[in-house]
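Here the structure comes first, spelled out in structure tokens, and everything after it is commentary.
Here, each number is a calculation from the coordinates, and none is a lab measurement. Every value quoted in this text rests on a predicted model; they were computed, and no experiment measured them. Cβ atoms come from the backbone with ideal geometry, glycine included; neighbour counts cover every protein chain shown.
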Amino acid sequence: MYKGTDASAGIGIGKAVIVEEKELVIQRETIIDSAAEIQRFKGALETSMEQTRILAEDLATRVGEKEAEILNGHIMLLSDPMMTGEIESMIQKDLVNSEFAIENVCTMYADMFASMGDELMQQRATDMRDIKTRMQKVLMGVESVDIASLPEGTVLLAKDLTPSMTAGINPANVTGIVTELGGRTSHSAILARALEIPAVVALSGILEAVKNGDMLVLDGSDGTVLVNPEDEALAEYQGKRAAFLKEKKELEKYIGKPSVTKDGVTVELAANIGKPEDVDKVLQYDGEGVGLFRTEFLFMDRNAMPTEEEQFEAYRKVAIAMNGKPVIIRTLDIGGDKEIPYMGLEKDENPFLGYRAVRFCLDRKDDVYRPQLRALLRASAFGNIKIMIPLVTCIDEYRAVKALVEEIKGELDEKGINYNPDIQLGIMVETAAASLIADIFAREADFFSIGTNDLTQYTMSVDRGNDKISYLYSTFNPAVLRSIKRIITCAREAGIMVGMCGEAASDPMMIPLLLAFGLNEFSMSPSAILRARKMITEYNTEDLQAIADQAMSFTTTAEVENYMREFINS
Ligand code: PEP
Ligand code: MG
């Protein structure tokens, strides 16, 4: 069994077809007539643009305008006068062939993009190499691999897939994609998801292990790949595949339906996101809001902090896309397991108990916190943005952030800049301290969101990433359950909204308990929303009270888990 990165959900079963782009051998040749060579280059450039345009149009009709944007981006790169000018001047000055000049100039740009570190620039480097090869193939008369006419039931294997290769795939014939390179957010992974083809990426060494025609099974939900599996394993995955497709189809009927229990209790099913682009999935799966925007992702994979303007654009984009639905944006939560090298944080002895999240932000008001809060306030004029503070442990922290927000509001007023004056300021309840004084917090905070990932870690004193002690890490531990129940009760008594954005919010065994406790909002990964909605519509909260009482009466985690497992299976 091989394990790569899960890039597009679903099970793919079929025969391996290894797609190898032949390495083009680019020779330096001396030419005599540079004007004629430049004409040759211009011809190839035109043809490449035309080819890309046709691919983009085809993709726009087959998949969608948004997906075609990637190829339209290639056309923009091809028409960049700076790049084409440099190629032409190299041909003229050095008297070299077009293939060689393209190789030099495009590689120089690609390397430059790649060295910038952030993910967007990495993608631009891939795009640059893609267009380089396309132009060279036109010049050299090399046909591209004909991906569009692969036989039915193909699992496509490649070192990496360029966006133009992925775009040419016919989903009727390709049942899965496995690549050695790439990541969950590479363009080819995004396209695989848009085409709804199961995909596993970043699986190094897989090309060595597979021959053309081998039977392959891949699970795009957990990154598993099996090569020539035994009959038993094959049957198991065929079953999983059928179940996946059946469930997917069935869940579609919950799009547009209210998230309401049998006895009429309406809850909000929201989504967790990390980048503005994730909003597409939230809308696709009918999320009723964003319950957690982890803004630290805007700060990762780059060499410098995003400016106030960049942040403003990102927050505004989400607010507009959600069109008045609530968007809870969490202020920077770094430290612990999330490092950002350029922030200059020293290694703490105990990172999870250290200088992180709101503690760090309040210490770095001028260069970090003010710009973020100002960006959030400005973006609040464009939708229903709420601000959420992570890792709060005492009311002083809440008050300090509140005072800062009020100060910034005053500055915006002076400059006549719009914002929502009634913007809500809430907290993540994810520390034992915050849970114990939830009644105090509920008097001042506008809302709560329970972060069970950390609440479990801090309640149980278990590092959430340490395998050796993971047996202690369970939200079903009576201590954690009591904490959750208490937080919800305090919020309800004070009349404020209480949600949950930790992983437990989408756990089928936890949902009945949360409904019984009175949770208002459940926030989870977008693809989990419809399943949660289906469950919620099948319950009656009054019946669930007895179940919750019984679950709360147990003394061990195992008893609670067994009881809840039996309940949901019954
Ligand atoms: C949590 O702690 O439950 C949470 C949602 O935040 P994160 O996983 O980002 O720490
Ligand atoms: Mg947390």
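Key figures
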item	result
Label-to-label distance, nm, for residues given as THR556 and LYS93 (7 Å Cα→Cβ offset)	7.7
Relative contact order, percent, the range 312-433 [alpha-carbon distance under 8 Å, six or more residues apart]	32
Qualifying aspartates and glutamates (Cα of each under 13 Å from Cα of LYS253; at least 8 residues distant if same chain)	ASP286
For GLU521, GLU103, order by how many other beta-carbon atoms lie within 10 Å, fewest first	GLU103, GLU521
Equivalent ellipsoid semi-axes - Cα gyration tensor, the chain, angstrom	47, 31, 21
Additional length obtainable on full extension of the chain from ARG482 to LYS211, 0.36 nm per residue less Cα span	92.1 nm
FRET efficiency for SER115 and GLU313, using Cβ-Cβ distance with R0 set to 25 Å, rounded to 0.05	0.55
Gyration tensor verdict on the range 436-570 (Cα atoms; rounded if a/c is under 1.5, prolate if a/b is larger than b/c, oblate otherwise)	rounded
Residues of type lysines that LYS15 reaches as a straight line, Cα spacing below 20 Å, ignoring anything fewer than 8 places off in the same chain	LYS3, LYS159, LYS211, LYS240
Cα gyration tensor shape of the range 262-569, rounded if a/c is under 1.5, else prolate or oblate by comparing a/b with b/c	prolate
Phi to ³J(HN,Hα) by Karplus 6.51 cos²θ - 1.76 cosθ + 1.60 over the range 326-338, Hz, x for Gly, Pro	x, 10, 8, 10, 8, 6, 2, 10, 10, x, x, 8, 9
Dipole of the chain, positive end: most advanced residue of ALA479, ALA68, MET343 [Cβ charges, Cα centre]	ALA479
Helix-only CD estimate at 222 nm, as mean residue ellipticity for the chain, using -39500 (n - 2.57) per DSSP H run (n ≥ 4)	-15000 deg cm²/dmol
Mean separation of Cα contacts under 8 Å (6+ apart) over length of the range 34-140, as relative contact order %	31
Those trypsin sites (Lys or Arg not before Pro) in the range 1-108 that DSSP places in a loop and that have at most 13 other beta carbons within 10 Å	LYS22, ARG28
Rel. contact order, % - alpha carbon contacts under 8 angstrom, at least six apart, the range 270-377	27
Reach of LYS409 by Cα under 23 Å, taken over lysines that are not fewer than 8 positions away in the same chain	LYS317, LYS325, LYS365, LYS386
Label point distance in nm, ASP396-ASP543, each placed 7 Å from Cα along Cα→Cβ	5.0
R0 of 22 Å, Cβ-Cβ distance GLU65-ILE320: FRET efficiency to nearest 0.05	0.80
Net length gained if the chain between GLU339 and ASP413 were fully extended (0.36 nm per residue, minus Cα distance)	23.1 nm
Residue order, fewest to most surrounding Cβ atoms within 10 angstrom, among ARG492, ARG531	ARG492, ARG531
For the range 34-140: rounded, prolate or oblate by the Cα gyration tensor [a/c cutoff 1.5]	oblate
Percent antiparallel among DSSP beta bridges (both partners in the chain, rounded to 5)	30
Within the range 262-569, percent of DSSP bridges classed antiparallel, to nearest 5	5
